[in-house]
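These notes are about the structure you will find just below.
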Amino acid sequence: MSSWIDFYDFKHSVIYVNARHRDVHYRVIAEDIRAYVPSPEAHVLDYGCGEATSAPLVAEAAGALLLVEAAPNVRASLAARYASHPKIAVISADEAAELPDQSFDLVVMHSVAQYLSEAELMRLLSLFRRIVKPDGLVIIGDIVPPQWAAPAAAIALLRFAAANGFFWAAVGGLIRIFVSDYLRLKKTVGLSHYTEAAMMGKLKAAGYRAERARRNIGHNQWRMTFLARPA
């Protein structure tokens, strides 16, 4: 995963084609996560949160929001942005591994699993199983199926861009992918893809009873979100 962390630790026009893309991307995700917050007192953890520019939307609905980000520059930016927010804290992945048992009502990992090896995914599922409360919920979002992953992502982005006013910027962003480090990393490091059955099997093996959500968190509805509770 380290190569992908390095890639996402710096701003690229192939990640978010402009500021509007970044902001609406995170707003939609935050709105979707907010809908799962079980109570105004809930403790929520967002693992691999990225820039999380709309995190206050989630925090408003919760008692506390902990953002976990492995990329150092992104994490420093998050810490500065939310330094004065009374409900939001920011920590590293190493710090997350030391969190106390059964301390969260909701744990979310969105659009991270594709950058993990199978062993890394299982390690994190075990961590989440430990830190979520017995009646809590773990959400694993944006799971990428093996079929038509790249064309589906491109179509979903263009539709999202057309609906939010950055269509031509998105077209340019898709073109820039072909000369970016993204494709090189995809070929050398790879991305992980899972069928629905495969992901359900991994969640069961990690000690959860799980189901696929009716819709994926975020704009790409070709991908999948899974809702998992301690078995």
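The values are calculated or read from the model by the stated rules, or taken from the named source; none is laboratory data. In this text the structure is predicted, and so the values were computed from the model without any measurement. Here Cβ is always computed from backbone atoms with ideal geometry, including for glycine, and neighbour counts include all displayed protein chains. Heavy atoms of the whole protein, side chains included, go into the accessibility calculation; ligands, DNA and RNA do not. Shrake-Rupley method; radii C 1.70, N 1.55, O 1.52, S 1.80 Å.
Yes or no, residue by residue, for (1) of a type outside the set (A, V, I, L, M); (2) free of Cβ contacts under 8 Å to residues at least 40 places away in the same chain:
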{"residue": "R27", "(1), (2)": "yes, yes"}
{"residue": "R34", "(1), (2)": "yes, yes"}
{"residue": "G48", "(1), (2)": "yes, no"}
{"residue": "T53", "(1), (2)": "yes, yes"}
{"residue": "V58", "(1), (2)": "no, yes"}
{"residue": "R75", "(1), (2)": "yes, yes"}
{"residue": "A80", "(1), (2)": "no, yes"}
{"residue": "S84", "(1), (2)": "yes, yes"}
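Within region 77-123, can you find the residues that are of a type outside the set (G, A, S), within 23 Å of L191 (Cα to Cα) and not in a loop (DSSP other than H, G, I, E, B)?
D94, V107, V108, M109, H110, Q114, Y115, E118, E120, L121, M122, R123
Need pairs with beta-carbon distance below 7 Å; first residue under 11 Å from N18 (Cα atoms) and within region 156-168, second open to solvent by 70 Å² or more (accessible area, probe 1.4 Å) and modelled with pLDDT of 85 or more; sequence gap 6+ or separate chains.
So the pair list comes out as A161/F167.
Which of the residues that make up region 101-125 are open to solvent by 10 Å² or more (accessible area, probe 1.4 Å), among the small types (G, A, S) and under 16 Å from the mean Cα position of the chain (by Cα)?
S111, S117, listed by residue number.
Only one of (1) in contact (Cβ under 8 Å) with a residue 12 or more places away in the chain; (2) hydrophobic (A, V, I, L, M, F, W, C); (3) part of a helix (DSSP H, G or I) is not met by L66, so which one is it?
(3)
Of the residues that sit in region 16-27 and are open to solvent by 30 Å² or more (accessible area, probe 1.4 Å) and not aromatic (F, W, Y), which one is farthest from P134 (Cα to Cα)?
N18
Taking region 211-231, which residues are more than 30 Å from A163 (Cα to Cα) and part of a loop (DSSP other than H, G, I, E, B)?
The answer is A231, and nothing else.
Take the residues in region 126-161 that are part of a strand (DSSP E or B) and among the β-branched types (V, I, T); name whichever of them is farthest from the chain's Cα centre (by Cα).
V132
Restricting region 34-59 to residues that are out of contact with any helix residue (DSSP H, G or I) (no Cβ under 6 Å at 6 or more places or on another chain) and assigned to a helix (DSSP H, G or I), which is surrounded by the fewest Cβ atoms within 10 Å (Cβ to Cβ)?
Per the stated criteria, the residue is P56.
Could you tell me whether region 219-230 includes any residue that is within 21 Å of D105 (Cα to Cα) and open to solvent by 50 Å² or more (accessible area, probe 1.4 Å)?
Within region 219-230 (the criterion being within 21 Å of D105 (Cα to Cα) and open to solvent by 50 Å² or more (accessible area, probe 1.4 Å)), the answer is yes, since at least one residue qualifies.
Do the conditions hold for V74, that is, is it crowded, with 16+ Cβ neighbours inside 10 Å and not in a loop (DSSP other than H, G, I, E, B)?
yes
Give the residue that is surrounded by the most Cβ atoms within 10 Å (Cβ to Cβ), with candidates limited to residues of region 126-161 that are at pLDDT below 95 and among the aromatic types (F, W, Y).
Once the filter is applied, the top-ranked residue is F160.
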